[in-house]
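Read-outs throughout are calculated quantities, based only on the coordinates presented, and are distinct from any laboratory measurement. All values derive from a computational prediction rather than experimental measurement. Cβ placement follows ideal geometry from the backbone for every residue including glycine, while neighbour counts extend to all protein chains displayed.
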Amino acid sequence: MRICMSPARSVMRTLPAMNPLFNSNRMKLGTFSTNCSYGATATTAEGGLELTWENTRAIAMASDAAGFEALVPVGRWKGFGGLTDFNGASFEVFTWAAGLAEATSYSAVLATSHVPVVHPLVSAKQGSTIDHISSGRFALNVVCGWNPDEFAMFGSGALRSHDEGYAYADEWIQILRRLWTSEDEFDFTGDFFEMSGGISRPRPVQRPHPPIMSANNSEIGQRFAAKYADLSFIGIRAGGEGDWKRLIDGHKRLAREEFGRELQVWTHASVICRPTRQEAEQAYQYIAVERGDTEGDPIRRMNRPVPPNALRRIPGWGGFPLIGTPESIVDDLEALSSAGIAGCLLSWVDYENEQRQWIEQVLPLMEQAGLRRPF
Ligand SMILES: Cc1cc2nc3c(=O)[nH]c(=O)nc-3n(C[C@H](O)[C@H](O)[C@H](O)COP(=O)(O)O)c2cc1C
């Protein structure tokens, strides 16, 4: 048990700059959705993630050794059916992060807290515990959630309307931050929460508190992120570099001008990297079209309108499509960086093997392009 840290280590680790989320790499990297079966891709193509602790830990340890900045889980309680029952098995996010905090030494470990079903006192306490286990590498992704099927398991009141969900999240996060920062007991009375004598000990290692990420799409979600988050996690599903830049500049401006805050903007990217463009295209056809699990695809089930200038989407969590050769992928990353993206959370069909290829073939090219420093 790490009861005593050496003074030097504990002082070093209390500096927020030690959390790799704040390092100087122009394009930070992480993994996404390795806590769920089939990861981020709803496909029956070979190599989809089988959810075992050994598998998720191996991916985290490879990420950690390669200097990836972030390990981000999906907050999920139930699968989406279809051929794969996409995300049907998922490790609970805080306990997952606690386990990985012990297994890693560099990457930030995140939990993705569903605001409607986890009380802020529980999140504060769990987050602080993981911050101690990881010596100051914890961060919390705060999400309102959206999936009626999974919230039904918590009872009828769990899922609020979209905007009321964000009003609830506003109070939730105020309480969380006070629990993480307050020296003294406090009371809180809001529209949704009543708290008497609120206190959480120990305080987290990071000061004033661990970084906050917020995953959002809507205008109100962007405002929430601008007000409270250090990292906004957005989907890039349409348009070109100019559109992305306008969106991201506006988002950061909102944070700076209305709330006096600096905001990093991150996205999720789905990777299909092959030696030639033709092989990458064939692999896309196979993974997304021939073997795509349309019925289990959550985004398709949301019935969102597809914008006319939509990017290609891989079924599942459908991140920004990084489909091509190592060289063309680095060009795409350069374009995302120019548009203002600070970090990409990556997913592959076959995390273990394709992440190894990324580390061997893409990472050195990113370093040559000045997107990252050698680790
Ligand atoms: C990149 C990204 C990642 C997300 N991850 C999760 C997640 O892990 N679990 C979840 O229930 N919702 C997730 N969401 C949905 C958010 O919880 C958010 O509440 C939902 O998108 C509704 O808010 P919005 O309209 O602002 O997007 C994610 C959204 C985005 C854009």
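Helix 162-181 and the longest principal axis of the C-alpha atoms of the chain enclose an angle of approximately 60°. For the chain, relative contact order (Cα pairs under 8 Å, six or more residues apart, normalised by length) works out to 21 percent. Remark on residue 43: its backbone amide H falls under 5 Å from those of 293, a criterion applied only to residues 5 or more positions apart or on other chains, H modelled at 1.01 Å from N. To the nearest ten degrees, helix 326-339 and the longest principal axis of the Cα atoms of the chain are 40 degrees apart. Summing charges over all other residues whose Cβ lies under 10 Å from the Cβ of residue 38, with Lys and Arg as +1 and Asp and Glu as -1, gives -3. Highest mean first, the peptides 325-336, 359-370, 82-93 sorted by other C-beta atoms within 10 Å per residue fall in the order 82-93, 325-336, 359-370. The packing ranking of peptides 107-113, 255-261, highest mean first, is 107-113, 255-261, where packing means the average number of other beta carbon atoms within 10 angstrom of each residue. Since only 93, 196, 216 are under comparison, the one whose Cα sits farthest along the positive direction of the charge dipole of the stretch 20-368, derived from C-beta charges on Lys, Arg, Asp and Glu, is 196.
Quick check: the angle from helix 93-103's long axis to the longest principal axis of the chain, C-alpha only, nearest 10 degrees? Computed tilt is about 80 degrees. In order along the stretch 199-206, the Karplus-derived 3J(HN,Hα) couplings, from 6.51 cos²θ - 1.76 cosθ + 1.60 at θ = phi - 60°, round to 7, 9, 10, x, 5, x, 5, 6 Hz, and Gly and Pro are given as x. The antiparallel fraction among DSSP beta bridges confined to the chain stands at about 15%.
For the stretch 148-196, GluC sites (Glu not before Pro) are listed when DSSP marks them as loop and at most 12 other Cβ atoms sit within 10 Å of their Cβ; the list is 183, 185. Sorted on the mean count of surrounding Cβ atoms within 10 Å across their residues, most packed first, peptides 27-33, 351-357 read 27-33, 351-357. Translational diffusion coefficient of the stretch 20-368 (Stokes-Einstein, Kirkwood radius from Cα pairs, 20 °C, 1.002 mPa s): 105 µm²/s. Dividing the summed helix terms, -39500 (n - 2.57) for each DSSP H run of n ≥ 4, by the number of residues in the chain produces a 222 nm estimate of -11000 deg cm²/dmol to the nearest 500.
Which aspartates and glutamates have a Cα lying under 14 Å from the Cα of residue 252, excluding residues fewer than 8 positions away in the same chain? Within the straight-line cut-off, residue 252 pairs with 219, 230, 262.
Projected label points at residue 106 and residue 181, each 7 Å from Cα along the beta carbon direction, are separated by 3.1 nanometres. In sequence order, the stretch 62-70 has phi-based couplings of 5, 4, 4, 5, 8, x, 4, 7, 9 Hz under the Karplus curve 6.51 cos²θ - 1.76 cosθ + 1.60, θ = phi - 60°, and Gly or Pro positions carry x.
Across the stretch 361-373, coupling constants 3J(HN,Hα) worked out from phi with the 6.51/-1.76/1.60 Karplus curve, θ = phi - 60°, read 10, 8, 4, x, 5, 5, 5, 4, 7, x, 7, 8, 8 Hz, and Gly and Pro carry x.
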